[in-house]
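Contents: one structure, followed by commentary.
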Amino acid sequence: SVMGRASDLELIYGWAPGQYPEEMPEDAGISFGGPTGGRKFFMINYHYDNRDGDQGQTDSSGIRLYYTKNKRKYDIGVLQLGDPLISLEGTKVGDGLT
């Protein structure tokens with residue numbers, strides 16, 4: 001599979017409406033590619049919830065990525081607690097509630 005297994009995925013950053021933008025330190029980064037293989041792709045997921053069906057809603061969120069061939073002194077990571085692969089297979093989830 002091109003994507004690999006779900007257990008191979010790694011959360012690098014999370015954001016939610018109302019949260020201030022996050023800027024990483026200039027001496028830290030996320031490694032991609034390189035002689036040891038490293039990460040081969042970057043995936044972005046957007047999740048929307050408009051349970052009231054409000055009209056005229058717009059999204060002005062975004063992401064800005066910077067790329068350099070110069071390895072940073074520190075690697076960025078996320079400490080993820082709990083079960084990142086919660087499986088609700090066969091369980092009905094109510095409309096607009098996730």
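What are the residues in the stretch 58-98 that are of a type in the set (Asp, Glu) and at pLDDT below 70, if any?
The answer is Asp83, Glu89, Asp95.
So the check is Cβ under 6 Å with 6+ separation or different chains; which pairs have a first residue in the stretch 12-35 that's in contact (Cβ under 8 Å) with a residue 60 or more places away in the chain and in a loop (DSSP other than H, G, I, E, B) and a second one that's β-branched (Val, Ile, Thr) and open to solvent by less than 70 Å² (accessible area, probe 1.4 Å)?
Filtered contacts from the stretch 12-35: Ile12/Ile30.
Which of the residues spanning the stretch 50-66 are open to solvent by 100 Å² or more (accessible area, probe 1.4 Å) and not hydroxyl-bearing (Ser, Thr, Tyr)?
Arg51, Asp52, Gln55, Gln57, Arg64, Leu65
The values are calculated or read from the model by the stated rules, or taken from the named source; none is laboratory data. The model shown is predicted, which means the values in this text are computed figures rather than measured ones. Please note: Cβ atoms are built from the backbone with ideal geometry, for glycine as well, and neighbour counts cover all protein chains shown. Protein only, heavy atoms only, side chains kept; ligands, DNA and RNA dropped before computing areas. Shrake-Rupley method; radii C 1.70, N 1.55, O 1.52, S 1.80 Å.
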